[in-house]
Amino acid sequence: MKVETKLAVFKNKEIRRIIYKDEWHFAVVDVVAALTDSDKPRDYWYRMKKRELESTGFELSTLCRQLKLGSTDGKRYQPEMANTEGIFRIIQSIPSPKAEAVQALAGQGWL
């Protein structure tokens, strides 16, 4: 299976993405970082999943899968990745004026 990895840039923030089973998957923590400007996007994502579960009963993690991506340290990690449909749902859970712009870019395949 051929795996294609690319970076997308939104507001000077890199968003890792990969084609897996013929569809784009986006690194969730990268999208969170781009939308929230959080210094700790992993912590934000953790709290966001917990908040969504408590308020709606929906587990955002069910939209994700872990896929291996290279990192700047030369190692390969398995961050949580979501396809376009999943990332749209996650973006809807982030209170940010940047969310609409990211959704538009993802829908056009620019992310």
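Starting from residues that are in contact with a Ser or Thr (Cβ under 7 Å, 6 or more places away or on another chain) and assigned to a helix (DSSP H, G or I), keep the ones in region 31-88 and report whichever is farthest from ILE15 (Cα to Cα).
Top of the filtered list is GLU52.
So, in region 42-88, of the ones that are in contact with a Phe, Trp or Tyr (Cβ under 9 Å, 6 or more places away or on another chain) and among the acidic types (Asp, Glu), which residue ends up surrounded by the fewest Cβ atoms within 10 Å (Cβ to Cβ)?
GLU52
Name the residue that is nearest to the chain's Cα centre (by Cα), counting only residues in region 89-111 that are at pLDDT below 80, part of a loop (DSSP other than H, G, I, E, B) and surrounded by 14 or more Cβ atoms within 10 Å (Cβ to Cβ).
Among residues in region 89-111 that are at pLDDT below 80, part of a loop (DSSP other than H, G, I, E, B) and surrounded by 14 or more Cβ atoms within 10 Å (Cβ to Cβ), the one nearest to the chain's Cα centre (by Cα) is LEU111.
The values are calculated or read from the model by the stated rules, or taken from the named source; none is laboratory data. Remember, it's a predicted structure, so these values are computed and weren't measured experimentally. Every residue, glycine among them, receives a Cβ derived from its backbone with ideal geometry; neighbour counts consider all protein chains shown.
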